[in-house]
């Protein structure tokens with residue numbers, strides 16, 4: 001997978017060559033899944049990577065890549081927490097033996113672009129009540145929410161004490177009923193919608209475009 005640090009490095013190397021008249025970097029408006037898949041498979045064949053992973057792919061994008069892939073896609077990294085409904089996507093990935101990695105499992109309340117209307121999942125009464133019943137912290141509960149559904153989970157932390165606390169979520173077991181209770185928090189809230197890519201024809205969150213349009217009308 002290619003993350004922002006790699007993209008930033010590439011853009012710096014390109015310098016002004018890829019800048020538009022507005023000073024922003026130009027991006028390819030279209031790409032062919034066949035070429036993308038072949039490029040990733042080439043990296044595996046060269047021994048530069050062990051496996052192929054994607055991120056933020058929706059079901060239709062996954063289907064498009066899987067139709068032409070000769071090497072398995074092993075993971076799809078997506079945002080997941082109780083306030084976003086990813087069940088259909090998760091079930092699809094599981095049906096294709098693709099692991100799902102959950103990023104922003106805590107809802108990313110500390111991100112720089114948060115707004116007052118965004119929910120703080122850790123402070124939700126339902127989350128706090130179940131966490132108290134389980135004898136764990138709300139953070140550990142939200143991590144366990146993903147782990148107990150067979151997902152990988154990557155909460156961000158650079159503090160050793162918090163990292164140790166996060167690992168303790170491995171000992172938190174949730175019942176089906178408790179997971180369903182947490183699922184009632186769904187508000188279609190997406191912490192990382194990456195709106196700056198919303199103009200792109202392959203933007204994976206069409207529902208976010210609708211939200212942006214509705215907000216502009218209001």
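Which length gain, in nm to one decimal place, applies between residue 85 and residue 133 when the Cα-Cα distance is subtracted from 0.36 nm times their residue separation? Full extension of this stretch gives 14.8 nm more.
Beta carbons within 10 angstrom, averaged per residue: use that to sort the peptides 72-82, 111-121, 127-137, 175-185, highest first.
Numbers: 72-82: 21.0, 111-121: 11.6, 127-137: 16.2, 175-185: 13.3.
The packing order, highest mean first, is 72-82, 127-137, 175-185, 111-121.
Values in this text are rule-based calculations from the coordinates and carry no lab data. Computed from a predicted structure; not experimentally measured. All Cβ positions, even for glycine, are placed from backbone atoms using ideal geometry, and neighbour counts span all protein chains on display.
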